């Protein structure tokens, strides 16, 4: 768990704080209110004279007004033309990345047992509302020589309705070992898993979005070996940080 705590907070801040600052920077505009009722939105420019107000609009048009014609100058959060692409119905989120954590067992004190493996996941569900979609999550996860196929009940939801928006996910289910070698000396089996996720969606089209997410996977598994008439069962517990990228539609 120290590994999980030491990595989760810095990466979370790395993902969400820059996106939040970027959204704020794009949303705020300078506004010049004129006494004749006109309103000009853009970015204030440095003026050579204190009696003049200069503002450049989004179309790179520069307007210059006398102070006596200006009623007031303000800075306001301007609404964008982005329309939240919510449609009630089918939703898919597919992502691929790496899982980072400790091996279930380290060989000795000099080997910390760190492991970097591959994870591929897809969520297929029904979106009832912007903040809630329910469906089935399937994945392929590797843990060294062990490959598991998690099948879980999953929920997803958007936290805001902006073009760059955070979303959450939560999965709970069971991992199967269908890809394991049936002739191997060790009989391996999956087990219960649960996995929360926080991520960002970047809309590229009306309903399609590029995603980045940070997740945590808590996975249990067993391995059985035979020695004569005796069976030795080893219970493994994997805890991994997941770094993934993908698409949503």
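Could we say that residue 190 is at pLDDT 95 or above and surrounded by 15 or more Cβ atoms within 10 Å (Cβ to Cβ) here?
Taking the combined requirement at face value, the residue does not satisfy it.
For region 158-166, does any single residue satisfy the condition of being more than 18 Å from the chain's Cα centre (by Cα), at pLDDT below 95 and in a strand (DSSP E or B)?
No.
Count, please, the residues in region 132-167 that happen to be closer than 23 Å to residue 202 by Cβ and crowded, with 16+ Cβ neighbours inside 10 Å.
15
Residues that are touching a helix residue (DSSP H, G or I) at 6+ places or on another chain (Cβ under 9 Å) and farther than 28 Å from residue 165 by Cα: which strands (runs of 3 or more DSSP E) entirely in region 29-84 hold 2 or more of them?
Correct list: 52-56.
The values are calculated or read from the model by the stated rules, or taken from the named source; none is laboratory data. Since the model is a prediction, treat every value here as computed from it, not as a measurement. Please note: Cβ atoms are built from the backbone with ideal geometry, for glycine as well, and neighbour counts cover all protein chains shown.
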